[in-house]
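Please read the structure below before turning to the comments.
The values are calculated or read from the model by the stated rules, or taken from the named source; none is laboratory data. Note that the coordinates shown come from a computational prediction; the quantities given were computed from them, not determined experimentally. Using ideal geometry, Cβ is built from the backbone for each residue, glycine included, and neighbour counts are taken over all protein chains shown. The area values use the complete protein model at the heavy-atom level, side chains included, leaving out ligands, DNA and RNA. Shrake-Rupley method; radii C 1.70, N 1.55, O 1.52, S 1.80 Å.
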Amino acid sequence: MVPWTLLVAAGMAGYATITGEAGGGALLMVVASLGSVAAGLLVVLSRLPGEWLLVGPFAFRPAEPAPARVHVRRTGVQMLGFWGAFLVLLPLGLAALERRWGLQLAAPAGVRLAGACLLVLASGLGVWSAWSMSRRGAGTPLPAVTARRLVVTGPYRLVRNPMAIAGITQGVAVGILLSSWIVTLYALCGSIVWNTLIRPAEEADLQARFGAEFTAYQENVPCWVPRLPLTEQRPQQG
């Protein structure tokens, strides 16, 4: 059933892209195919296998010891790559399909301007988070070169996942800026995938490496909604 749904969805998407017709039907079939894949995994495995995403550069491995400037440089390269892929190329492709399929809903200029402002603010949070990670954590945000020390300074004093918040907000802002509700939905769906499949594995890795230090941090600093911590925490050598 799942392969047939995927085949029909691919055919519908191809037809809509070539002819510019039946865009709504193509979108519904794509959504149905994704739901079929998720349902099939739940039937076979009784869960969604998040570990399938944690391979290669996304497998958790502490960074090798190196000067802070090396980690900062690596972090900069990573951010350029991820921003280029997930905030430029993929959104532009989705927005182009949305227009081709006749599904775009034009947003007023004021709304797009608000999206641009939101993008600047979210990008600033992302840069601040990445700087704190590379300078204080002796590593990078990429799991394969992850921080050697638990970072509890900078934006990490206020919330445990500032880079995830920044990335999700950037995606939503790009969707608003492009006047694309599909890109906005893509960013919001990404937040669900990250929170459901990636975050538990990341926290398990932090718990295994930092133990009581991470437990105390987790108890005092919220996951998603920033607030001032009750006590100042200091990073310790992992």
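Screening E202 on (1) within 28 Å of P91 (Cα to Cα); (2) in a helix (DSSP H, G or I); (3) touching a Gly at 6+ places or on another chain (Cβ under 9 Å) shows it passes everything except condition (3).
Residue count for the range 7-52 satisfying the condition of being surrounded by 14 or more Cβ atoms within 10 Å (Cβ to Cβ) and more than 27 Å from E98 (Cα to Cα): 4. Would you check if S179 is part of a helix (DSSP H, G or I) and closer than 19 Å to A122 by Cβ? Criteria not met by S179. In the range 103-113, what residues are touching a residue at least 24 places away in the same chain (Cβ under 8 Å) and open to solvent by 60 Å² or more (accessible area, probe 1.4 Å)? The answer is Q104, L105, A106, V111, R112. Scanning the range 152-173 for any residue that is closer than 23 Å to P91 by Cα, without any contact (Cβ under 8 Å) to a residue 60 or more places away in the chain and polar (S, T, N, Q) turns up at least one such residue. Does the range 58-77 contain at least one residue that is open to solvent by 70 Å² or more (accessible area, probe 1.4 Å) and at pLDDT below 90? Yes, the range 58-77 contains a residue that is open to solvent by 70 Å² or more (accessible area, probe 1.4 Å) and at pLDDT below 90.
The residues of the range 120-158 that are within 16 Å of the chain's Cα centre (by Cα) and part of a loop (DSSP other than H, G, I, E, B), listed by number, are T140, P141, L142. Tell me yes or no: at least one residue of the range 81-97 is touching a strand residue (DSSP E or B) at 6+ places or on another chain (Cβ under 8 Å) and surrounded by 12 or more Cβ atoms within 10 Å (Cβ to Cβ). For the range 81-97, residues touching a strand residue (DSSP E or B) at 6+ places or on another chain (Cβ under 8 Å) and surrounded by 12 or more Cβ atoms within 10 Å (Cβ to Cβ): absent.
Within the range 56-73, track down each residue that is under 11 Å from W131 (Cα atoms) and of a type in the set (D, E, K, R).
Those that are under 11 Å from W131 (Cα atoms) and of a type in the set (D, E, K, R): R69, R73.
Scanning the range 169-182 for residues that are over 13 Å from the mean Cα position of the chain (by Cα), open to solvent by less than 60 Å² (accessible area, probe 1.4 Å) and aliphatic (A, V, I, L, M) yields A173, V174, I176, L178, I182. If the condition is being of a type in the set (S, T, Y) and touching a residue at least 60 places away in the same chain (Cβ under 8 Å), then the range 4-53 contributes only T17.
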